[in-house]
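What follows is one structure encoded as structure tokens, with my remarks underneath.
Please treat every number below as a calculation from the coordinates, not as lab data. All values derive from a computational prediction rather than experimental measurement. Here the Cβ is made from the backbone with ideal geometry for all residues, glycine too, and neighbour counts use every protein chain on show.
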Amino acid sequence: MSTFSQMGRAPGGLSASPPKGTLLVAAGAFLMTLALLLPLYVHDRVALIPGEFSQTLRMTASDAAYLDTATWQNHENVEVERATRVDASLHGADWSAWEMTVDTSVSDRIIDHWSRRVIVDRETGRAVNCCGEHVDGDRAVRQAGLVLNWPAGAPEDGHSFYDAEMRSAPSVGFDEEDEVGGLAVRRYTQTVPPTQVPESAREVPAFLFDGGAQGTVEATRWLELERTFWVEPTTGAVVNMTEERSETLRPLNGSGKVSLLEAELSLAEGQVASLVEGARVRSLLLRAVDLWVPWAAGPLGALAILLGLVQAWRARGEDVPGAEPDEEETVEPTPVEAG
């Protein structure tokens, strides 16, 4: 018994390649589409304030003074820390819900505490009146203005920053271009004149205002401060901040005032360095998405399409009409002897 094998040429249609220039045109179209999508869509999504994160900003004053409201004794030349904790979670696609607590403490105890819930628009960085917002349990508040971050690429002027203790959003003025840790930033200042803190009335010893007085008087807390922010403009990230803070007690029906807290607060150097590095990386990413990659991909895409069309035109010109196809080579079957 014999078996035969026959070899022949595969049909040409199965190994046909795409016309010349097709891959270049496809690559060019992809690059040009990328050059449009990155600045028009991707940049806006990347520039949003993160929806979920946890952060603690610690500001310290090494030479502060405060009134201990447990003993009504004054303490000077003490270190005071003011820690602002933020736990943020997504609230829909474009908002973030921030649970914030602020603790002011000395070495052995907390001397002031309050909390806040605020809904933040991730594009504008501004508070949104919605969804259980409150300041220290007061749900009648309507928060407004910036909460912490500036919007990415924001103009220099026209900003207000919400102060939860005063329940208002005083304006923030642009000072000048500056530099922090080698990073180009803008410096802003918010100045608040002495202002009575809402819902702060309380009974305090009368001798605080009159050494020989007996009993108690009703007094309110007043706040005066100057905040300075250093903001990286491309990302809107705050990379440094200071706060000169003066708190006093003033009687409702009378004159005089008593110092409650005097402190010049600033972020620790290590925390500033961390914020600067984060803003630097994020700024490079946004610039790449908005400028560098589109400006490179667009011309490259156009060049690739042009080269692809030239290749296709040349290939068409090289075709010879009416050429006879090659005759298939026939291989005679070879008998194989059965073993």
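Values for this structure:
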read-out: For a label point 7 Å along the Cα-to-beta-carbon line of ASP210, residues of the range 253-287 with backbone N under 17 Å; value: 253-258
read-out: Amide proton proximity set for ARG126, modelled H, under 5 Å, gap of 5+; value: ASP121
read-out: Length gained when the stretch ASP68-LEU307 is fully extended (0.36 nm per residue, less Cα-Cα span); value: 78.2 nm
read-out: Label zone at ALA93 (point 7 Å along Cα-to-Cβ), backbone N below 17 Å, the range 108-125; value: 121-124
read-out: Percentage relative contact order, the range 49-288, counting C-alpha pairs under 8 Å, at least six apart; value: 15
read-out: Within the range 81-102: backbone nitrogen closer than 11 Å to the HIS113 label point (7 Å, Cα to C-beta); value: 102
read-out: Positive minus negative residues near PHE174 (Lys, Arg vs Asp, Glu; Cβ under 13 Å); value: -4
read-out: Within a Gaussian network of the chain (alpha carbon springs, distance under 10 Å), most fluctuating of TRP95, TRP150, TRP313; value: TRP313
read-out: Among GLN271, GLN143, GLN55, residue whose mean-square fluctuation peaks in a GNM of the chain (springs only between Cα atoms under 10 Å); value: GLN55
read-out: Calculated P(r) tail over 35 Å for the range 49-288, as whole % of Cα pairs; value: 17
read-out: Nearest-ten-degree value, helix 269-287 long axis tilted from longest Cα axis of the chain; value: 40
